[in-house]
Amino acid sequence: MGKKIPDVNTTNGRREIMKRAELGDTSVVPALRTMLREDDDELLDAGHLARMALARAASKEGDLLTREIYIRQMEKDAEELAGPNPSPLEKMLAEKVAISRFRCYYYESLSVLQLGQGTLQIDDHRHKRLARANRDFLAACKALAQVRKLELPFVQLNVAEKQQVQNLIVPGGPA
Amino acid sequence: MVREYIGTGPMAEIEALEAAAEREARRLQRQREREELERDRRLDETFSTYSAGVDELLRSALEAAGYHQHKRGEWRRARGQEDS
């Protein structure tokens, strides 16, 4: 039987969760995620896999704390970029901008840290990869800006007791 | 491949060992780089799949709302629908 999961509501419990995550204890990951998301909103989670893959690549193998912090950082950036009451489209694009930005930072740090350590071929590969990541990041920013600039028709949906204003209308779709 | 005769004796043996160590270091370096390229390829593939999905969703949503992409750049409202 595994060790007991510490209480996320106490300081000591939070410390122990972080410590165990650093040591690679996978049983604390759900508690760690709860801890890092104080108020977990319903996120459009199209980028989950990309976020996960990037965070895993950027953190030391087995260091779950760093991995989860990177994931949370990307989510937080996306929330900030989306702003208050974003449409699903804006939310999705903001998420892409956040992921692309993290990808740029990561590739840039890799290029700097490993500069001149490999063959010319690998240096060239890293340089091209960083250039591609920068292009993707700029394209994602442009797409978000364009969607914000377009005056898309708004529709109000009431789901349960929540009011949601969205600007995604599909003509001929369900009313 | 270039072969160089370095003679015989203890000095030649030391040189041969050094050359073998250098060859081994180069082989390990190439292996590390191959692994790095493979890791990068997988990571880039994950991002590309995600990115293409988002772009496709964006395109579908905007086209459904009556927009079209002008010369693969700016999204514009179709003619006659500007005020609708």
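What follows is calculated from the coordinates using simple rules that are stated; it is not laboratory data. Here the structure is a predicted model, which means the values were calculated and not measured. Backbone-built Cβ (ideal geometry, glycine too); neighbour counts: all protein chains shown.
What is chain B by shape, rounded, prolate or oblate, if you read a ≥ b ≥ c off the alpha carbon gyration tensor as root eigenvalues and call it rounded for a/c under 1.5, prolate for a/b larger than b/c, and oblate otherwise?
Values: a/c = 10.82, a/b = 5.12, b/c = 2.12.
Prolate shape, in that a/c is at least 1.5 and a/b is the bigger ratio.
Please list, or write none, the lysines whose alpha carbon is within less than 22 Å of the alpha carbon of A:Lys19, excluding same-chain residues fewer than 8 places away.
Within reach: A:Lys3, A:Lys4, A:Lys60.
What lysines sit close enough to B:Lys71 to cross-link, taking a C-alpha to C-alpha distance under 29 Å and skipping anything fewer than 8 places away on the same chain?
A:Lys91, A:Lys96, A:Lys128, A:Lys142, A:Lys149
Taking the 0 to 90 degree range and rounding to the nearest ten, how far is the long axis of helix B:10-64 tilted relative to the main principal axis of chain B, both from C-alpha atoms?
On a 0 to 90 degree scale, this one is about 10.
Peptide B:53-64: average number of partner chain Cβ atoms within 10 Å per residue? Before the final figure, lay out the partial values.
Details: counts 6, 11, 5, 0, 7, 8, 0, 2, 10, 7, 1, 6.
For peptide B:53-64, the averaged partner shielding equals 5.
In deg cm²/dmol, rounded to 500, what helix-only [θ] at 222 nm does chain B give when every DSSP H run of at least 4 residues adds -39500 (n - 2.57) and the total is split over its residues?
Values: 1 runs with 55 residues, N = 84.
It comes out at -24500 deg cm²/dmol, rounded to the nearest 500.
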